[in-house]
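Here is the structure we will look at, set down as structure tokens.
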Amino acid sequence: LAACTEVSSLEVTKKSVPGDLVGEAVAWTESARTLGIVIGPLTGGGMHHAAGYKGPFIFSACCFLVLFFAMLVLPADKKVQTMSSEKFSNDTVWKLGNAPVFMLMTFVILLSCSAISFLEPTLQPMVSEAPY
């Protein structure tokens, strides 16, 4: 899942900036992502220590609400919207969704995610015992 979001965020960044600034925009995006990976666990641990188990989740929900309202209020750039709507069509998505390779990959990803989520609560008591 992280690989999909990484590729899609780079594509959104690429389409959102002029051609001569793509490298700089990708560099800023990757720097912010790396900073989040480094600082995120420390901040989440501090919030968990200060506010308990629900602290990081409440903070995350507040950040998403602020982002949601900012996206509603701030004006969107019309040039970016027209650029993305020119190249995108529903036919391409439909063709991709009906491709056998895509359906097989989707099935394998969903199967592996569900297997991991089924095993996690089952393995937790076994792993928390003395030999581990």
Exercise. Roughly how much of Lys95 is accessible, in Å² to the nearest 10, using a 1.4 Å probe?
Worked result: 150 Å²
Problem set entry | Counted charge near Val26, where neighbours are those whose Cβ lies closer than 15 Å (Asp, Glu -1; Lys, Arg +1) | -2
For this session: Rank these by accessible area, largest first, 1.4 Å probe: Phe102, Phe69, Phe118.
Result: Phe118, Phe69, Phe102
Seminar exercise, completed: Reported to the nearest 10 Å², Lys54 has, with a 1.4 Å probe, an accessible area equal to 140 Å²
Exercise. Length gain on complete extension for the stretch Arg33 to Leu67, per 0.36 nm per residue less the alpha carbon to alpha carbon distance?
Worked result: 10.6 nm
Exercise. Just by accessible area at a 1.4 angstrom probe, what is the order of Val73, Val108 from largest to smallest?
Worked result: Val73, Val108
Problem set entry | Asp91, Asp20, reordered so the largest accessible area comes first (probe 1.4 Å) | Asp20, Asp91
For this session: Using only protein heavy atoms and a 1.4 Å probe, report how much of Thr106 is accessible, in Å² to the nearest 10.
Result: 50 Å²
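The values are calculated or read from the model by the stated rules, or taken from the named source; none is laboratory data. It should be emphasised that the depicted structure is a prediction, and the values quoted were computed from it without experimental measurement. As a convention, Cβ positions derive from the backbone with ideal geometry for all residues, glycine included, and neighbour counts pool all protein chains shown. What goes into the accessible areas is simple: the full protein's heavy atoms, side chains included, and nothing from ligands, DNA or RNA. Shrake-Rupley method; radii C 1.70, N 1.55, O 1.52, S 1.80 Å.
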